[in-house]
Amino acid sequence: MEKLKLIIYREFIGKVRNKSFIILTFLSPVLMIGMGLLIFYLTKVNNNSAKEIAYVNESSLNFEEVFVTTKNTKYIDVTQLGVAFSKEEIDKGHYYGLVTIPSEANGLKELASSVAFYSKEAPSILFLEHLEKLVANKLKAYKLKELGISQKNINAANFAVNIKQSNSSGEKSSKLGNGLKIGLGMGSGYLLMMFIIIYGNSVMRNVIEEKTSRIIEIIISSVKPFQLMLGKIIGNACAGLLQFFVWIVLLLILGTVVSLFVGVEFGDLQNTPSKELMQESGFKAEELTNLLAEILALPLLKMFVLFIFYFIGGFFLYSSIYAAIGAAVDSETDTQQFMMPVIMPLMLAVYIGFASVLSDPNGPVATIFSIIPFTSSIVMLMRIPFGVPWWELLLSLLLLTLSFVGMVWVAAKIYRVGILMYGKKPTYKDLYKWLKY
Amino acid sequence: MNAFLKDIHLLKIENLTKNFGNYRALNNLSIQVPKGSIYGLLGPNGAGKTTLIRMVNQILLPDSGTIYLDNEPLAPEHISMIGYLPEERGLYKSMKVGEQALYLARLKGLTKAEATERLNYWFEKFEITDWWDKKIQELSKGMAQKIQFIVTVLHQPKLLIFDEPFSGFDPVNAKLIGKEIIALRDQGTTIIFSTHRMESVEEMCDYVALIHKSEKVLEGPLKKIQLDYKTNLFEVGIQCLDKEKVQKEISSEFLISEANFASLNDSLRLNVSLPPEMDQHTFFNRLTSFGPLTHFTEKIPTMNEIFLEAVSKRNDKISA
């Protein structure tokens, strides 16, 4: 045990002292938040340059009340100038674009389909959709008024619907919550895959280093190869978990700091077209509180604990394979032929997870693959936010534990023989033979 | 087993067999290593020496047979009693020298304080104290070899095993290490050398075992084996004017062969066999009659020669 501790400590310290580990650990949350801020900032900058939109209104409808000038868009009525002249103005670059609204003489339907937009550069789809909505709203209001229904009545007939769904185990969710769950589930599943690949590779490189530097035989004359392999895996797992904790803590801190800043700026958001779009699509300010409530309603602690469980299980399972591969070969270039069987189930798990969790998180495909040990850690993590029956969780964890114990045992046999083999690139047949040495 | 024998052997290997798949690496091999001796495990590449050593180090497990260390069947706690310098040896390239030596020493069961104290002693002895914070990749090969040696002996093992000890050592280091090994032997440590370059260790060995094709061919005290395999061949140098004539005269009386020893003056050099019926004194007197002797030495068979002889004898026995 004393020796195992020494090995774990050396592997852990060796890993966390590494410059790339430090950079990755502390920089990635900063980068993630930074990227978010950058995108936020860029969209703001983009929107800040107010566009001047000219419009020619040949109908008798009053569009002034919909074409309201905002911080980002300025609407100018150029009906007096006529379409041809206005187009020349656009070509000269005086306005960003020209909206032409024809006469309603041929009926509102004809009008609706012959509204045109003219500009030097093609506008964004979002902007066109925004214009379409403005015109459609106006036409709708006009038509309803014609039919004798007041704006007040219309407003009274508008409802924001948010379906609250619950299942037999009493877990409640809504469409909004569902989106969050999908995001969190996919995120944690994907993160786990990345962790397994990054740290599994690190275990493998470590083994190869010991082999090529020829220190391996000195070490295993003091400790059992199994202890060495286990120490390596645990040491790397600890480094991985440390990185995970640091990320969570940093993200929480940075997230709080950033949201304070962004919160101040939030008032400005009210006037941007995207905000208007949000409002029109039923995204009211009060929904922000909803969002917060939904996040808090998620089984966050459960997800956190299970992430750690599945990380350890999945990592042990895969990193023992990585260790065996490292032991079998002489250099990293020789690992290619053995990597496929490792990467395949991981990729499969992520794809199955993405596909099934989106469509049917508790369907048979998702259930089966969240119980099969090689895919369970990733698929199950994706399912957890949606609520998974306890027996499935237990079965999946039990199978994962059994198979990682089995895999560590098999890998240790290959490892034990492989670390002393030099020169020949082994085949799968050789590996099988080594099991019996 | 009587009480006396019990005491004098530190390592006893009985009927050891090891297979790798269909390949038999060791076949029913038994050897006994006396306490406080330097024991040479000699044999060509692939004879099974490294397999044997790895089993003594519990890196490999035997298929059958038993290994006794200090009269106890080999067990995990014996690891701290053995120091092993493998043929394929190296160190962590990016770890600091001191850190690494401490780590390896502690894996052998030393406490941090013990290990530090002993490391200081050896580092001072080899005058390398300023290496402590260097990384191995900054050291030359010879420097790294010193560290490897220190790490091997640091936990004061009862049994030291060196696989191909002097391969890759420069002459200065080889001499330094050789001196330290003899000093350790004199302090009571038992030492096993394993090598295929038999000439490199035969001067130092007290006992040898010859291994060939997974089996032991010969074992015993070096001096006794040399005596058993001596050929009564003498290297003779005679000062004379007409070398051809003298050589002819000698060959009419004795069996001669071409010699390959060096001499400073231009004399006739020959290997002359002592006839079985003649005693050494008469032989010497007879030779002096041909001219003044500049060289007269009994040719000691080298381990290489003994090995070849023993293997061919064995083959004769098998085919007979």
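The values are calculated or read from the model by the stated rules, or taken from the named source; none is laboratory data. Just so you know, these numbers come straight off a predicted model, no measurement behind them. All Cβ positions, glycine included, derive from the backbone under ideal geometry; neighbour counts span all protein chains shown. These accessible areas exclude ligands, DNA and RNA; they are computed on the full protein's heavy atoms, side chains included. Shrake-Rupley method; radii C 1.70, N 1.55, O 1.52, S 1.80 Å.
Structure notes:
- Crossing angle, helix A:373-383 versus chain A [Cα axis fit, 0-90 degrees, rounded to tens]: 30
- Long-range HN-HN contacts of residue B:255 with modeled amide H, under 5 Å: B:273
- Take each residue in A:208-217, count the other chain C-beta atoms within 10 Å of its C-beta, and the mean is 6.
- Overall, the anisotropy analysis places chain B in the prolate class: the square-rooted eigenvalues a ≥ b ≥ c of its C-alpha gyration tensor yield a/c not less than 1.5, with a/b exceeding b/c.
- Which listed pairs, of B:93/B:141; A:5/A:224; A:429/B:49; A:211/A:232; B:158/B:179, have C-alpha distances above 22 Å, in listed order: A:429/B:49
- Within the accessible area of the range B:231-298 (1.4 Å probe), percent carbon and sulfur: 52
- Couplings 3J(HN,Hα) for the range B:59-69, derived from phi with the Karplus relation 6.51 cos²θ - 1.76 cosθ + 1.60 (θ = phi - 60°), are 7, 10, 10, x, 6, 8, x, 10, 10, 10, 10 Hz, where x marks Gly and Pro.
- Exposure here means at most 14 other Cβ atoms within 10 Å; with GluC sites (Glu not before Pro) in a DSSP loop as sites, the longest stretch of chain B lacking them is B:1-126.
- The alpha-carbon positions of the range B:118-260 define a convex hull whose volume is 203 Å³ per residue.
- Over 19 Å (Cα to Cα) - which of A:15/B:135; A:3/B:112; A:19/B:112; B:213/B:313; A:425/B:135 fall in this group: A:19/B:112; A:425/B:135
- About its Cα centre, the range B:1-129 has a charge dipole of approximately 260 debye under the convention of +1 per Lys or Arg Cβ and -1 per Asp or Glu Cβ, with nothing else charged.
- Shielding of B:81-92 by partner chains, average beta-carbon count, 10 Å: 5
- Rounded tilt (10° steps) of A:336-359 against the dominant C-alpha axis of chain A: 40
- Long-range tail of P(r) for the range B:231-298 (Cα pairs > 18 Å, %): 26
- Simple Cβ-charge dipole of chain B, Lys/Arg +1 and Asp/Glu -1, about Cα centre, in debye nearest 20: 780
- A simple spin-label model places the labels of residue B:294 and residue B:257 2.3 nm from each other, with each point 7 Å out along Cα-to-Cβ.
- Under-5 Å amide H pairs with residue A:76, H placed in peptide plane, nonlocal only: A:53, A:54, A:55
- Taking a straight Cα-Cα cut-off under 16 Å and skipping sequence neighbours fewer than 8 places away in the same chain, the lysines within cross-link reach of residue A:120 are A:51, A:87, A:92.
- Computed over chain A with a Gaussian network model linking Cα atoms closer than 10 Å, the most mobile of A:349, A:112, A:239 is A:112.
- Gyration tensor (alpha-carbon) shape descriptor, the range A:316-422, a/c threshold 1.5: oblate
- Candidate cross-link partners of residue B:248 among the lysines, defined by an alpha-carbon separation under 24 Å and a same-chain spacing of 8 or more, comprise B:299.
- For the range A:331-437, applying the loop criterion from DSSP together with a ceiling of 15 other beta carbons within 10 Å to the trypsin sites (Lys or Arg not before Pro) yields A:424, A:436.
- Candidates B:288, B:302, B:189: whichever shows maximal mean-square fluctuation once chain B is modelled as a Gaussian network with Cα springs under 10 Å: B:288
- Set of aspartates and glutamates near residue A:424 by C-alpha distance (under 15 Å), chain-local residues within fewer than 8 positions excluded: A:330, A:332, A:334
- Largest accessible area first, the residues B:313, B:141, B:12 order themselves as B:141, B:313, B:12 under a 1.4 Å probe with ligands, DNA and RNA left out.
- Two numbers describe the Cα atoms of chain A: Rg and Dmax, which are 30.6, 97 Å.
- Residue among B:281, B:252, B:231 farthest towards the positive dipole end of the range B:231-298, charges placed on Cβ: B:252
- Helices in the protein assembly as shown, meaning DSSP H runs of at least 4 residues, each add -39500 (n - 2.57). Divided by all residues, the mean residue ellipticity at 222 nm is -18000 deg cm²/dmol.
- Amide H to amide H distances under 5 Å link residue B:9 with B:35, where only residues 5 or more positions off or on other chains count and H is placed in the peptide plane.
- Computed over protein heavy atoms with a 1.4 Å probe, the carbon and sulfur contribution to the accessible area of the range B:3-227 reaches 50%.
- To the nearest ten degrees, helix A:390-418 and the longest principal axis of the Cα atoms of chain A are 50 degrees apart.
- Heavy-atom accessible surface of the protein assembly as shown, averaged per residue, reaches 51 Å², computed with a 1.4 Å probe.
- Of the peptides B:204-211, A:141-148, the ranking by mean beta-carbon count within 10 Å, highest at the top, reads B:204-211, A:141-148.
- GNM remark for chain A: springs join alpha carbons under 10 Å apart, and the peak mean-square fluctuation among A:373, A:123, A:385 falls on A:123.
- Cα-based equivalent ellipsoid of the range A:25-166: semi-axis lengths in Å, sorted from largest, via gyration tensor: 34, 27, 11
- Rounded if a/c under 1.5, otherwise prolate or oblate - the range B:1-101, Cα gyration tensor axes: oblate
- When the chymotrypsin sites (Phe, Trp or Tyr not before Pro) in the range B:231-282 are filtered for DSSP coil states and for at most 14 other beta-carbon atoms within 10 Å of their beta-carbon, the remaining sites are B:261.
- What the Cβ-Cβ distance of residue A:79 and residue A:156 gives, at R0 = 30 Å and to the nearest 0.05, is a FRET efficiency of 0.30.
- Cα principal axis extents for the protein assembly as shown, largest first, Å: 148, 62, 53
- B/A buried area, accessible surface, summed, 1.4 Å probe, Å²: 2500
- Spacing of the two label points (7 Å from each Cα toward its C-beta) at residue A:88 and residue B:304, in nm: 10.7
- FRET E, pair residue A:112, residue A:392, Förster distance 41 Å, beta-carbon r, rounded to 0.05: 0.20
- Using a probe of 1.4 Å on the protein chains alone, the accessible area found for residue A:259 is around 70 Å².
- Phi angles across the range A:64-78 convert, under the Karplus curve 6.51 cos²θ - 1.76 cosθ + 1.60 with θ = phi - 60°, into 3J(HN,Hα) values of 4, 6, 9, 7, 8, 5, 10, 4, 9, 10, 10, 9, 10, 7, 10 Hz, Gly and Pro given as x.
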